[in-house]
Amino acid sequence: MSNTYTQIYLHIVFSVKGRQNLIQKGWKDELHKYICGIVNGKEQKVYAIDGMPDHIHILISIKPNIAISDLVRDIKANSSKWINEKGYIIGKFQWQEGFGAFSYAQSQLDTVIAYINNQEQHHQKKSFKDEYLELLQKFNIEYDEKYLFDWIE
């Protein structure tokens with residue numbers, strides 16, 4: 001076979017450092033467009049992006065020529081630099097270390113896209129912590145809760 005053919009869909013989730021509510025509605029869409037530009041610049045594709053003031057969800061398809069950790073590192077580094085250069089917050093904006101990445105089949109995309117696009121409604125009933133723990137459990141990912149996030153209580 002002379003070519004490589006893949007179909008890899010990932011739902012990526014990461015939060016603002018300390019889970020602070022720093023992403024504001026006034027510039028959230030601009031941030032999402034900027035992140036889409038980063039992903040597109042790496043020749044990958046965004047299917048959905050949304051989140052809340054303290055975290056973000058991105059559904060992407062990736063090619064096998066890029067490591068997911070490299071892509072997420074670039075998204076976080078470039079978007080945090082962009083937020084800081086724009087002066088959108090007082091102080092320094094940072095994303096939390098680490099991320100979640102969950103794989104889906106093409107037949108599940110509509111459901112995942114709807115889930116991501118309805119974050120505000122979803123979080124009226126469930127906290128981000130509960131949502132994230134539910135994802136880890138749904139995908140049978142072993143974890144130690146004390147290492148998940150630096151929760152600010």
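All conditions but one from (1) surrounded by 11 or more Cβ atoms within 10 Å (Cβ to Cβ); (2) at pLDDT 90 or above apply to Trp151; the one that does not is (2).
Of the residues making up region 98-145, those that are exposed (fewer than 15 other Cβ atoms within 10 Å of the Cβ), in a helix (DSSP H, G or I) and of a type in the set (Ser, Thr, Tyr) number 2. How about region 94-125: which of its residues are closer than 26 Å to Asp144 by Cα and of a type in the set (A, V, I, L, M, F, W, C)? Correct list: Trp95, Phe99, Ala101, Phe102, Val112, Ile116.
Looking for whichever is within 15 Å of His57 (Cβ to Cβ) and modelled with pLDDT under 90 here; the options are Glu120, Glu145. Which one fits?
Numbers: Glu145 fails: within 15 Å of His57 (Cβ to Cβ).
That would be Glu120, the only listed residue that is within 15 Å of His57 (Cβ to Cβ) and modelled with pLDDT under 90.
For beta carbons closer than 9 Å, sequence separation of 6+ or different chains, a first residue in region 109-133 that is within 16 Å of Asp54 (Cα to Cα) and a second that is of a type in the set (Ser, Thr, Tyr) and outside any helix (DSSP H, G or I), the qualifying pairs are Ile116/Tyr47; Phe128/Ser15; Tyr132/Ser15; Leu133/Tyr143.
The values are calculated or read from the model by the stated rules, or taken from the named source; none is laboratory data. Quick caveat: nothing in here was measured; it's all calculated off a predicted structure. Please note: Cβ atoms are built from the backbone with ideal geometry, for glycine as well, and neighbour counts cover all protein chains shown.
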